Structures are given as structure tokens and as C-alpha cells.
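Chemist: Okay, here's the structure, questions in a sec.
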Amino acid sequence: MTKLYEPSLPKLMEAIATEAKGMRGMDRRNFLKGGIAAVAGLSSVQMIPKANASANLPPNLPEWQSYLGRGVVAKPYGDPSEFEDLQRRTVPWLTADAASSISMTPLQDLEGIITPSGVVFERYHGGIPNVNPDQHRLIIHGLVERPLVLTMDDLRRFPSVSQIRFIECPANGGMEWRGAQMEALQFTHGMLSCCEWTGVKLSTLLEEVGVKPEGKWILAEGADAAGMSRSIPLEKALDDTIIAWGQNGEALRPEQGYPLRMLNPGWEGNTSVKWLRRLEIGDQPWHHREETSKYTDLMPDGRSRRFTYEQECNSVVTSPCPEKPLMQRGFVEIRGLAWSGRGKIKAVDVSLDGGVNWQRTELGELVIPKALTQFSLKTQWNGEPWLLQSRAIDETGYVQPTLKQLRDERGGWSIYHKNSIHTWNVTESGEVFNVQIT
Amino acid sequence: MFKLPNLAVAAAAIVLAGAVQAGPLGIGSTATPEMIAGWDIDIRPDGMGLPPGRGSVAEGEPLYEAKCASCHGLFGEGEGRWPILAGGEGTLDTLHPEKTVGSYWPYASTLWDYIHRAMPYPAPQSLTDDETYAISAYVLYLNDIVDDDFVADRESFAAVKMPNEPNFYIDNRPDVQNTRCMENCADPANFTIVTTINGVTPTGHFKEDSGVAANHYGDSEPAVKAVEVAMSDAATAGKSVYDKACQACHGMGVAGAPKVGDASAWVDRIQTGMASMSSNAINGYQGPNGVMPAKGGNMSLSDEEVSMA
């Protein structure tokens, strides 16, 4: 066991300074921050691990190896390690109230393409309803031969599919239309998550109710306080919409619509109505609040686009990023994510000089339509400043545009669907800042 | 005509329903007209879904002031970051577009649908059809869309035309075309690098010298939790009512609402006595320090529930 002792404050500060000498950059500052926080906390329990970190390093026996660990089912549903700090975060001034707001996924801390259910970004229009699945029903009615009411057990009897698909809020990056504003990847791109979803294809349910020939649109409605509602064209419903109850191997999380949600792959997230209680088939769209007042795109001529469903091809470098600066000179793997609402990612290029010259990257093993796709460029960094960018191309041949191209066409007030090439300024110290090149 | 015993009518109906219901997989039950009627609340621009009933601008004014103004402002100007409902005409093609019901919304039906389905914010689907007509009429009046003698009903409401309706068009993306240039694609001499403004985003979770904490809405919880520690049964019941009905304004300080845990804001109010505070919470308050709608805009709460909270 570690020897317990209570050092005097000067001795502790000296120990922290000694430990910090061997470090550089953010690592060193983070260490100092931790040490100083421990002093401020006036807790010897907090201080000792900081001051004595080397006690667990070779050649010493690590403290955790010197006694028995926790046994099975001590935590029947496990937690991440206490040393991890994986959490959704928000920017409180963006909205008036937490029940009608947004939080972002910590993309800077994630591995691979699957977003853990607990940190999938949140967007509510009236908070999370506490739905009892035994008392939840899906009603399908309107222009149908056989209006149906379905229980959760009924729904699970239908043929099911499991698909890995991203969900993105169309306002992702929307705070950056008129200038660089957010100082972290989590806030510039974190309204984005990717999960495996399990459910029944909506086309299967529509066969069951029998859509009448004049049926062209579907109103999807949630059981939340906002009664969230969107009009979905029948073509999408017959193409790839699923009605999902599963997420990453378990039931949907309440935050993602427990017990039942719509999922419109590749389309703006709000169309994937959560806590789904009703589908009405009609001959025209409903033009509800979330498809007129909101989620329409104002253009410079004062006119607006509506039913801007697709999330166009986009990408971002996730390492390095403001939260994950470069710590060491020499070899570095530049990593990032690309996605397209129109299908598969075909290629991703990376530029180190603000888009003057570009290099091809290697895609990850899983290249799935309408899912996050990894890319990687192995290179060297020797302290030179970078203007680091990524540019994705999808299977339709669409090339992710520059910010200037988007602004020239759409101005600065359309809020939604900003999918332009993003720029990180990597400085000589390895720190990373969000910048825009105009 | 001949008469059938009631039982036979019911049996015939079941046979008929069974014949209609046979979907390919035969899963699920028939959604009855009664079930559908209870949930089918949507309204369309062609008037489909608008119920019988009526409400005038004059009837809408006191309802709006009691149930809507604490967030949206007495004239629809919006409190804090709550939505602005009125004004903004002629601003959509300027550098400061203001998107309101009058300047932006393409259809009046959306107003009726949304007010009925989701407003007042803490008490959705609590308004009667007549109240919804009246408040919708008043919001249209605040935007100079209708005159002060307008009475909204199924016919008159469906006939309202919104000025911005012609200015919406179907998504025409992809609207920009980039090319996959690999070398000498831009001239760095033309680059202007625009940096972020420090301090507008929470960065405390990764920067030690940030003036802004990595805060999230959850950070306001401790003030409430501290209250929870020594709560009586009555207070626990009050907490549940608070969470459902009061927190939206008193958690954020909307419309001058004193925040939970803000001792200085509450001290003068506490000195007026519990009876006075309960009375304000039940009947509403309008004064120099702010406005509070009666029962926080949630008339489904009993007086007892409000007092406990």
C-alpha cells in the first residue's frame, strides 16, 4: 500500500513543481491545475496521488495490484472508469431553457465510429418524457385501409433490422456562420452521434396498414411536452426510415426517445421524432412549427428554403483539436470523422496549409452509408504552425465545400446545414485553435 | 328495415372489422375512431383539423397576458432568449433579420396547432379550443395581420393569409459545387485568418486559464439539492410540482422571476409572508419586479399543489 502522509503545503508545492518539470505544454498545465486544485481542496486524500504519482510507476508495484479488486456484479450495469471524464456539455446562452435546448457529444474523447449511448447529443423541444413502455402506443391512421394501434410487444413481432447510422442536428456548426465562435470541437461539431439502431422498417408497417393511393406524406408525432411533429414524404418512409426501439445493443435511452423513435437516416435529426406515438398519412404536408418557424433556411434575398432534410457531406479532424493538442514533436496520426446524408464516404483529403495543397487519407475499415467514417493521415510535426483542414467526398461525387462557397450562396443567417471545410490552427506550441479563413 | 338485437350488431361489426383488418402479418389491433380522435390534434394550412369553437382578439388579450406574456413579452417582444412573436416586418433580407409570426411564419394554422399542442410551455395541451382560437387571434393582432374586431373560428381562421407565405421554396441543394483540387488550390496571400473570441464558450474542462467554467444546465442543481436535504413530506410533494411547473422560469430567472438559491432576490418576497407568496403564485403577479402568470400558466394545478411548491 501507498504510505499515507500529510505533507506540508510548501513541500507539496515543491513536489508538484518537480513532477511538472518533466512535462510540457498542455500536459504540464493540466498537471499543475490538478495539483493546485488538490491544494485548494485541502484534502490529503486528493493530494497524495498527485504528489506520489511515481509510486505506481516501474519499477514499483502499482497500488492497485497489491490487493483484490472488485468482484462480479458489484456493478450490474457498469460505469466508465472513474478516471474518465466523458460527458455531454452545452453552451447555456444558446437557449432560454434546458428543457428546450441542446447538448453536444464529446467527439474529442471518442474512439471509433459508435457513440456510447450515454453521450449521444441531446435535443429536446419540451424535455424528456418519462414514458412507461407498457402504456405506450403507436397509432397509425389517416389515408390507410386499416388504422392500427400497436403496443411495444406488437412492434417487436415485426421483422427487424439493425443499422449503424449517424444522427446530426442541422444546427451543428450553426454558431459559426458569421465567424469563428466556439473554442472547442465539442461545440463546433458535437451535435452529431452515430449508433447502431434496431427496429422495424417503416415500409413494413405501412404495408400492414395499407396506404391509400392518395397518401403522399406522413406526420410523425412524439409523446413529449412539445408534441414534436414533422412531415415526412412517403418516398423517404418507403426508402430507409426505421421505427426503432434499440440503440447500441439495448433499449433506447430516454434521451433518444425511449421506448420508440423514428429514424430517418441521413436527414436532419429533428425529423427522427422521438417518443413516437402517432403516424398520420395525408395527401399534403402539415407545415408545423418545426418545419416553418424553425428548421427552414433563410437566404440573403429574404426568401427561405423549406424541407431541407438532407445532411450534406461533412468532415472534421478530431485529433488534434482544441481539446486534444499536439503533445510531442515527431510522428503524428491525424484522425477525423466524415459523414454524408446521401450515402457512403468515398474519400477524405487533409490539408496542412489552409487548403493550398491536399493529401489523400486512409479510410477506416467500416465504410457504411450514412454513418460516421474514420479517416487517418500519418505524418510528421516538428513545431511548424498548421492550418489543418479535412475535405470529404461522398459516393455521389459531392465535394465538401469551402466556407466561402457556402457564404457566397447562402449568406450568414440561414443557421442550419453549415457543412463547410473546417480549419484548426495548430500553433508552434502544439495548441489548437478554431479559426476561419476568409 | 329490420331490427337486430344489439349483440348481433356488435358481432357483425367485429366480423366486418376483422375482414378489413387483415394486414399481411396480422399484427396489432384496430385503432378505433375514439382512440384516434383523442390523439389526432394536428392542424393543416387548408384548415383540416380545426375544431368547432371561436375566440376573439378581445378575449385573447387577457388570456395572452396571463399565460404567454411572462416569456413572450406583453407585446410579443420576447423576454430574454424566449421567442419574439411580433414585429420584424421587412427585416428578412437585411443583416439583422427578425423572424416572428408576422414577419416569417407562412401559415396561420401553424400558430393554432403549436399553441394548442405545446403551449403554455409548462402546461402543454391545457388550453381549450376557444382559448386557442382567442390567443391565436391575439397574436395575429399583435402582428397587424388581423384587426382588433377579428373573431377566429374554423372558417375565418383558415382564411387568414400570412404575408411571408410566397417566400418559401422547396430545398434546392446541392447549391454549391467544390472540386477536388489537390495542389496549389488557393493563394495564401489572400488568406485572412479570423480567430475565435475568447470567453464565449465554456472551456474550463480542458483549459485551466479560462474565465468560463465548463458549465452546463446541471450546474444549477446544487441549489435545489441543498433544499432537498431537510424536506418534509409536504415539501417533497412541493418539489415534484416545482420540477414540473415552476422550474422553467425560476431556474433561469425569466421575466424577473427570482431564481432558486438566489437569497437576495427572495428576501423581500419572503418578508411579505407565506400567505402573500402563495397568493401571488396562485393568482398571478404583475409588478415592478417582474410578472408571474397565475399558477405559472398551469391551471391544472390545484391551489394546494401551488402552495406546497
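Every number in this text was worked out from the coordinates using simple rules, so none of it is lab data. Note that the structure is a prediction, hence the values are computed from the model and not measured. Quick reminder, even Gly has a Cβ in these numbers, built from the backbone with ideal geometry, and neighbours come from all protein chains shown.
Chemist: When the helices in chain A are scored as -39500 (n - 2.57) per DSSP H run of 4 or longer and the sum is shared across all residues, what 222 nm value do you end up with, to the nearest 500 deg cm²/dmol?
Modeler: After summing the helix terms and dividing by residue count, I get -4500 deg cm²/dmol.
Chemist: Roughly what angle does helix A:9-21 make with the longest principal axis of chain A, taking Cα atoms, 0 to 90 degrees, to the nearest 10?
Modeler: The helix A:9-21 is inclined about 70 degrees to chain A.
Chemist: A further question on this structure: Mind ranking A:396-405, A:77-86, B:112-121, B:140-149 by how tightly packed they are, going by the mean number of other C-beta atoms within 10 angstrom, highest first?
Modeler: Output ranking for A:396-405, A:77-86, B:112-121, B:140-149: B:112-121, A:396-405, B:140-149, A:77-86.
Chemist: Sticking with this structure for a sec: Just need the relative contact order of chain A here, percent rounded to a whole number, with Cα pairs under 8 Å and 6+ apart.
Modeler: About 14 percent, as a whole number.
Chemist: Ok, one more. Give me P(r) over segment A:102-305, computed from all C-alpha to C-alpha distances, binned every 10 Å, as integer percentages.
Modeler: With 10 Å bins starting at 0, P(r) equals 9, 34, 36, 17, 4, 0.
Chemist: Suppose every K and R has +1 on its Cβ and every D and E has -1 on its Cβ; what is the size of the dipole of segment A:314-435 about the Cα centre, in Debye to the nearest 20? Can you show the working numbers first?
Modeler: Numbers: 14 positive and 13 negative charges, 74 e Å.
So the dipole magnitude of segment A:314-435 works out to roughly 360 debye.
Chemist: Counting other beta carbons within 10 Å of each residue's own, what order do B:181, A:169 fall into, fewest first?
Modeler: B:181, A:169
Chemist: Ranked by Cβ crowding within 10 angstrom, fewest neighbours first, how are A:393, A:345 ordered?
Modeler: Lowest to highest Cβ neighbour count: A:393, A:345.
Chemist: How big is the dipole moment of segment A:216-261 about its Cα centre under a simple scheme where the beta carbon of each Lys and Arg is +1, that of each Asp and Glu is -1, and everything else is neutral? Debye, nearest 20, please.
Modeler: On the way: 5 positive and 7 negative charges, 20 e Å.
Approximately 100 debye in magnitude.
Chemist: How crowded by other chains is B:45-51, given as the mean number of beta carbons from other chains within 10 Å of each beta carbon? Walk me through the numbers before you get to the answer.
Modeler: Numbers: counts 5, 3, 0, 4, 2, 0, 0.
Mean number of neighbouring Cβ atoms from other chains: 2.
Chemist: Compare A:262, A:182, A:104 in a GNM of chain A, Cα atoms joined below 10 Å, and give the one with the largest fluctuation.
Modeler: Largest GNM mean-square fluctuation: A:182.
Chemist: Now a separate question. Using a cut-off of 15 Å between beta-carbons, work out the net charge of the residues near residue A:252 (Lys and Arg +1, Asp and Glu -1, residue A:252 not included).
Modeler: With Lys, Arg at +1 and Asp, Glu at -1, the net is +2.
Chemist: What's the average, rounded to a whole number, of partner chain beta-carbon atoms within 10 Å of each residue's beta-carbon in A:143-154?
Modeler: Counting other chains' Cβ atoms within 10 Å and averaging over A:143-154 gives 4.
Chemist: Given +1 on the Cβ of Lys and Arg, -1 on the Cβ of Asp and Glu, and no further charges, what dipole in debye does segment A:102-305 carry about its Cα centre, rounded to the nearest 20?
Modeler: 360 debye
Chemist: Would you tell me the mean number of C-beta atoms belonging to other protein chains that fall within 10 Å of each C-beta in A:309-321, as a whole number?
Modeler: Mean number of neighbouring Cβ atoms from other chains: 1.
Chemist: May I pose another question? Using the 10 angstrom Cβ neighbour count as an exposure proxy, how do A:424, B:39 rank, fewest first?
Modeler: B:39, A:424
Chemist: Give the long-range amide H neighbours of residue A:195: residues separated by 5 or more places, or on another chain, with amide H under 5 Å away, using H modelled in the peptide plane at 1.01 Å from N.
Modeler: Correct list: A:115, A:165, A:167.
Chemist: Once the convex hull of the C-alpha atoms of segment B:54-167 is built, how many Å³ does it hold per residue, rounded to a whole number?
Modeler: Taking the convex hull of the Cα positions in segment B:54-167, it is 90 Å³ per residue.
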